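Undergrad: First the structure, then my questions, so here it is.
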Amino acid sequence: MAGVIWGLILLFSAGKKVLIVYGHQSSGSFNAAAKSAAVEVLTTQGCTVEVSDLYAMNFKATCTAEDITGEVKDAEHFKYAEETKLAWEEQKLSADIKEEHRKLTEADLVIFQFPMYWFSFPSIMKGWIDRVLTLGFAYSSEKRYSQGVFKDKKAILSFTTGSHESMFSANGINGDMNVTLWPIQNGILYYCGFQVLAPQIFWAPSYVTAEARGAMLEAWRTRLQGLLEEKAVSFAPSDYFDGEKGFQLKPEVQEEHADKEFGLTVGTHLGKALPPNNQMKAGV
Ligand SMILES: Cc1cc2nc3c(=O)[nH]c(=O)nc-3n(C[C@H](O)[C@H](O)[C@H](O)COP(=O)(O)OP(=O)(O)OC[C@H]3O[C@@H](n4cnc5c(N)ncnc54)[C@H](O)[C@@H]3O)c2cc1C
């Protein structure tokens, strides 16, 4: 039976393309180990894996007019989103952005592997987000959230923390990790349409035993084997909101949820308790 399941997993994964956007400076880091595990396990399953190693690439993290080749439309009042949309349409984006666009277009799954910096990405990875997920290519006012450009792709945050898990709990000093994840998972990934997989969090690798670190990597390797088939975490679909009325939740949806114990999501919580682990587990 195990052989049959493994065969099915291999069949499903073979030929899939994975992009790992990797943001750590050191090849001896725990992040490097997590990245290498992903490359190895996914390649063994027949996936094609590309890695954007941001520090090794010296990836430019700032949004400037140099991201457009040739003349910009309005140098006096430069507007990054509009200018890069135009440049994308006219094939005038800089070579490094075009190359990341190619990788992203081809990918079925994107893994963001990074150490948590200030409750978020390291700046170099935020730079990748700002410069690669450009207007027109990655989103538009018509194509976002459940209608988003990348709705047929999956994405996952895989990151390490300095903090222990208890510190990021609902009564921990850092606050609930579900809340921390919301701006990234909802405001970036789901905004662009990605099916967002539950995050892979390596809690405080610097402060646990070598044995515990080994166990975390082993659990990641096991998860990677079925990652491409995983279901996504849950967000409110775009058609729950009324575009004519400032994208507020439709009254009929509000009514439907009036008697429910929990809000819809971390963000659209309706003043109720947050659905437990809404951003940490699939389908909650
Ligand atoms: C600017 C900044 C902001 C930060 N903000 C936050 C924040 O907001 N919240 C928070 O929680 N933390 C924060 N941190 C801490 C940061 O998230 C952690 O330091 C980081 O996640 C640790 O991951 P690492 O890969 O760098 O660990 P490393 O220090 O590289 O590794 C940890 C341990 O794993 C070992 N290791 C390496 N490879 C392997 C392997 N193959 N098998 C087993 N062990 C291995 C290493 O030798 C080391 O002992 C911040 C840090 C900085 C610099």
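The values are calculated or read from the model by the stated rules, or taken from the named source; none is laboratory data. The structure displayed is predicted, hence computed values, not measured ones. As a convention, Cβ positions derive from the backbone with ideal geometry for all residues, glycine included, and neighbour counts pool all protein chains shown. With ligands, DNA and RNA removed, areas are computed over all heavy atoms of the protein, side chains included. Shrake-Rupley method; radii C 1.70, N 1.55, O 1.52, S 1.80 Å.
Undergrad: Out of all the residues in segment 140-190, which are part of a loop (DSSP other than H, G, I, E, B), open to solvent by less than 50 Å² (accessible area, probe 1.4 Å), of a type outside the set (A, V, I, L, M, F, W, C) and closer than 26 Å to T105 by Cβ?
TA: Hits for segment 140-190 are S140, G148, K153.
Undergrad: Might you let me know whether segment 76-97 holds any residue that is aliphatic (A, V, I, L, M) and touching a Phe, Trp or Tyr at 6+ places or on another chain (Cβ under 6 Å)? It would help to see each step written out before you state the result.
TA: If we filter segment 76-97 for residues that are aliphatic (A, V, I, L, M), which is where we start, we get 81, 86-87, 93, 95, 97.
Keeping just the survivors that are touching a Phe, Trp or Tyr at 6+ places or on another chain (Cβ under 6 Å) gives none.
Among the residues of segment 76-97, not one is aliphatic (A, V, I, L, M) and touching a Phe, Trp or Tyr at 6+ places or on another chain (Cβ under 6 Å), which makes the answer no.
Matching residues to (1) surrounded by 14 or more Cβ atoms within 10 Å (Cβ to Cβ); (2) among the polar types (S, T, N, Q); (3) under 24 Å from L157 (Cβ atoms):
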| residue | (1), (2), (3) |
| --- | --- |
| G15 | no, no, no |
| V18 | yes, no, yes |
| S36 | yes, yes, yes |
| V39 | yes, no, yes |
| Q45 | yes, yes, yes |
| S52 | yes, yes, yes |
| M57 | yes, no, yes |
| I68 | yes, no, no |
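Undergrad: As an exercise: evaluate G283 against (1) buried (at least 18 other Cβ atoms within 10 Å of the Cβ); (2) in contact (Cβ under 8 Å) with a residue 24 or more places away in the chain and give the number of the one condition it does not meet.
TA: (1)
Undergrad: Would you confirm, using the coordinates I've provided, whether F112 is within 16 Å of the ligand (Cβ to nearest atom) and on the phi > 0 side of the Ramachandran plot? Even if it seems obvious, please write down each step before you answer.
TA: Values: within 16 Å of the ligand (Cβ to nearest atom): yes; on the phi > 0 side of the Ramachandran plot: no.
So F112 does not fit the description; no.
Undergrad: Looking at this structure, is G193 within 9 Å of the ligand (Cβ to nearest atom), closer than 27 Å to L109 by Cα and free of Cβ contacts under 8 Å to residues at least 60 places away in the same chain? Steps first, please.
TA: Details: within 9 Å of the ligand (Cβ to nearest atom): no; closer than 27 Å to L109 by Cα: yes; free of Cβ contacts under 8 Å to residues at least 60 places away in the same chain: yes.
Against the criterion (within 9 Å of the ligand (Cβ to nearest atom), closer than 27 Å to L109 by Cα and free of Cβ contacts under 8 Å to residues at least 60 places away in the same chain), G193 does not qualify.
Undergrad: Scan (1) without any contact (Cβ under 8 Å) to a residue 12 or more places away in the chain; (2) hydroxyl-bearing (S, T, Y); (3) in contact with a Gly (Cβ under 7 Å, 6 or more places away or on another chain) for the single condition T222 breaks and write down its number.
TA: (3)
Undergrad: Still on this model: Scanning segment 71-89 for residues that are more than 12 Å from F137 (Cα to Cα) and of a type in the set (A, V, I, L, M), which turns out surrounded by the fewest Cβ atoms within 10 Å (Cβ to Cβ)? Show your work before the answer.
TA: Quick first cut of segment 71-89, residues more than 12 Å from F137 (Cα to Cα) only: 71-80, 83.
From what's left, of a type in the set (A, V, I, L, M): 72, 75.
Working: V72: 20, A75: 9.
So, considering only residues that are more than 12 Å from F137 (Cα to Cα) and of a type in the set (A, V, I, L, M), the one surrounded by the fewest Cβ atoms within 10 Å (Cβ to Cβ) is A75.
Undergrad: Still on this structure: What number of residues in segment 233-267 are open to solvent by less than 60 Å² (accessible area, probe 1.4 Å), touching a helix residue (DSSP H, G or I) at 6+ places or on another chain (Cβ under 8 Å) and assigned to a helix (DSSP H, G or I)?
TA: 2
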